[in-house]
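Undergrad: One structure is given below, represented as structure tokens, and several questions about it will come after.
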Amino acid sequence: MDALRETLTGALGPFGMLIAVGLLGVVLIGVALSMIMAEKRDPLEKLKRSAHVPSNTREVKQKLRSKQHNEQLDRYANFLEPQDEEELQGMKLKLMQAGYRGKDAVRYFHFAQFALGIGLLIIGVLYFVLFVQDENTTMQQTLMYILGPGAAGYMFPKYWVTKRIQTRQENLTNGFPDALDMLLVCVEAGQSMEQAIIRVSKEVRPSCPDLADELEIVAHEMKAGKDKSTVLNDMAERCNSQDISSFVTVMNQSQSFGTPISDALRVYSAEMRDKRVMRAEEAANKLPTKMTLATMMLTVPPLLIILVGPSVHGITQLGNM
């Protein structure tokens, strides 16, 4: 044991034992995860899949349409998905709000956390051993260089999803007033609500693809026979925007009380135009305050140098004399 300690200390420095134990732990974690995730496929399920042969073209299309998830990830579902149903649904909703609607979105998210965490942890260990480690290295520096990259890699997917939700919510809020005006024009022209939504989704796609995707989903769900209020509530939940939630409330109330949809859209579109003007004025009023700090930092120091610099130089010259 002493010989091993001396060998590791001579090869890796004073923290050779700690680094060796850390690397051994990483290897053991990888082996354990590979054994856990190596779930054997059920032979009966494999036999059922091989025996099932589509009989017509419609069945083939239906199979291709429903086969949107990665079958390789099914083997690791127990590891890459939360076992709590409420937590799983909450994670799916959060990823939908970020724009990731795939069936394997939750699994890809947790796989990204695992891969980035372990990968950056290994990179941190290698960087510490090759470039940082010496006789004066402290334990705090060791933990910072080894555990810091791993923690950053684990937290990066959460940060990415959060920023994606904020960006998508801002895009939806900015593009919704124009879409609402076009929806009002289409409804007043005699189109049904479903036809108007399809037309508006095509028109707003160049300017706001996220809103166009949401409107297409709403139109397809309405065509499939899903209840209109349920469809609109699902859209409000996916978008996570106050303006769209208010629009859904207005549509549901219009349907409940039997008022014309065109009248409700006209009143709400006017309100949305006023809110857009108010947001623009608010941003314009914030601009002078934001520019004040930058102006002071960029103009005051040069001005002081120009005004005070010659006097300081003269005083120093007099002091030397």
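Undergrad: Only one of (1) farther than 21 Å from ASP210 by Cβ; (2) of a type in the set (Ser, Thr, Tyr); (3) part of a helix (DSSP H, G or I); (4) open to solvent by less than 90 Å² (accessible area, probe 1.4 Å) is not met by TYR154, so which one is it?
TA: Checking TYR154 against (1) farther than 21 Å from ASP210 by Cβ; (2) of a type in the set (Ser, Thr, Tyr); (3) part of a helix (DSSP H, G or I); (4) open to solvent by less than 90 Å² (accessible area, probe 1.4 Å), the one that fails is (4).
Undergrad: Could you check the stretch 221-242 and list, in sequence order, the residues that are in a helix (DSSP H, G or I) and surrounded by fewer than 15 Cβ atoms within 10 Å (Cβ to Cβ)?
TA: Quick first cut of the stretch 221-242, residues in a helix (DSSP H, G or I) only: 221-223, 228-239, 242.
Scanning the stretch 221-242 gives LYS223, SER229, THR230, GLU237, GLN242.
Undergrad: For the stretch 45-134, give me every one of the helices (runs of 4 or more DSSP H) that falls completely inside it and has 1 or more residues that are at pLDDT 85 or above and closer than 24 Å to LYS158 by Cα. Quick ask: steps written out before the conclusion?
TA: On the way: elements: 57-66, 77-80, 85-97, 105-127.
The helices (runs of 4 or more DSSP H) meeting that bar are 85-97, 105-127.
Undergrad: Which numbered condition in (1) of a type in the set (Ser, Thr, Tyr); (2) over 24 Å from LYS94 (Cβ atoms); (3) assigned to a helix (DSSP H, G or I); (4) in contact with a helix residue (DSSP H, G or I) (Cβ under 7 Å, 6 or more places away or on another chain) is the only one that SER245 fails?
TA: Answer for SER245: the failing condition is (2).
Undergrad: Of the conditions (1) at negative phi; (2) not in a helix (DSSP H, G or I), GLY190 clears all except one; give me its number.
TA: Looking at each condition in turn, GLY190 falls short on (1).
Okay, residues lined up against (1) surrounded by fewer than 17 Cβ atoms within 10 Å (Cβ to Cβ); (2) more than 12 Å from the chain's Cα centre (by Cα):
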{"position": "TYR100", "(1), (2)": "yes, no"}
{"position": "ALA105", "(1), (2)": "no, no"}
{"position": "PHE109", "(1), (2)": "no, no"}
{"position": "ALA115", "(1), (2)": "yes, yes"}
{"position": "ILE118", "(1), (2)": "no, yes"}
{"position": "ILE123", "(1), (2)": "yes, yes"}
{"position": "LEU130", "(1), (2)": "yes, yes"}
{"position": "THR142", "(1), (2)": "no, yes"}
{"position": "GLN166", "(1), (2)": "yes, no"}
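Undergrad: Are any of the residues in the stretch 176-185 of a type in the set (Phe, Trp, Tyr) and open to solvent by 80 Å² or more (accessible area, probe 1.4 Å)?
TA: Start the filter on the stretch 176-185 by keeping residues that are of a type in the set (Phe, Trp, Tyr), which leaves 176.
Filter again for open to solvent by 80 Å² or more (accessible area, probe 1.4 Å), leaving none.
For the stretch 176-185, residues of a type in the set (Phe, Trp, Tyr) and open to solvent by 80 Å² or more (accessible area, probe 1.4 Å): absent.
Undergrad: For VAL185, indicate whether it is farther than 30 Å from MET235 by Cα, β-branched (Val, Ile, Thr), more than 25 Å from the chain's Cα centre (by Cα) and assigned to a helix (DSSP H, G or I). Step through it out loud before you land on a result.
TA: Values: farther than 30 Å from MET235 by Cα: no; β-branched (Val, Ile, Thr): yes; more than 25 Å from the chain's Cα centre (by Cα): yes; assigned to a helix (DSSP H, G or I): yes.
Spelling it out, it is not the case that VAL185 is farther than 30 Å from MET235 by Cα, β-branched (Val, Ile, Thr), more than 25 Å from the chain's Cα centre (by Cα) and assigned to a helix (DSSP H, G or I).
Undergrad: In the set SER269, SER262, which member is more than 21 Å from LEU172 (Cβ to Cβ), assigned to a helix (DSSP H, G or I) and touching an Asp or Glu at 6+ places or on another chain (Cβ under 8 Å)? Walk me through it before giving the result.
TA: Values: SER269 fails: more than 21 Å from LEU172 (Cβ to Cβ).
So the residue among SER269, SER262 that is more than 21 Å from LEU172 (Cβ to Cβ), assigned to a helix (DSSP H, G or I) and touching an Asp or Glu at 6+ places or on another chain (Cβ under 8 Å) is SER262.
Undergrad: Against the definition (in contact with an Asp or Glu (Cβ under 8 Å, 6 or more places away or on another chain) and either under 19 Å from VAL187 (Cα atoms) or modelled with pLDDT of 90 or more (or both)), how does ASP234 come out, yes or no?
TA: Working: in contact with an Asp or Glu (Cβ under 8 Å, 6 or more places away or on another chain): yes; either under 19 Å from VAL187 (Cα atoms) or modelled with pLDDT of 90 or more (or both): yes.
Here the answer is yes, as ASP234 does meet what is asked.
Undergrad: Same structure, new question: Output yes when any residue across the stretch 249-264 is in contact with a Lys or Arg (Cβ under 7 Å, 6 or more places away or on another chain) and open to solvent by 70 Å² or more (accessible area, probe 1.4 Å), and no when none is. Reasoning before the result, please.
TA: To start, the set of residues in the stretch 249-264 that are in contact with a Lys or Arg (Cβ under 7 Å, 6 or more places away or on another chain) comprises 255.
Next, from what is left, pick out any that are open to solvent by 70 Å² or more (accessible area, probe 1.4 Å): 255.
Checking the stretch 249-264: at least one residue is in contact with a Lys or Arg (Cβ under 7 Å, 6 or more places away or on another chain) and open to solvent by 70 Å² or more (accessible area, probe 1.4 Å).
Undergrad: Going by the structure shown, is MET296 open to solvent by 80 Å² or more (accessible area, probe 1.4 Å) and not β-branched (Val, Ile, Thr)? If you could, list the steps in order and put the result at the bottom.
TA: Working: open to solvent by 80 Å² or more (accessible area, probe 1.4 Å): yes; not β-branched (Val, Ile, Thr): yes.
Against the criterion (open to solvent by 80 Å² or more (accessible area, probe 1.4 Å) and not β-branched (Val, Ile, Thr)), MET296 qualifies.
The values are calculated or read from the model by the stated rules, or taken from the named source; none is laboratory data. These figures come from a predicted structure and were not determined experimentally. Cβ atoms come from the backbone with ideal geometry, glycine included; neighbour counts cover every protein chain shown. Just so you know, the surface numbers come from the protein's heavy atoms only, side chains and all, with ligands and any DNA or RNA stripped out. Shrake-Rupley method; radii C 1.70, N 1.55, O 1.52, S 1.80 Å.
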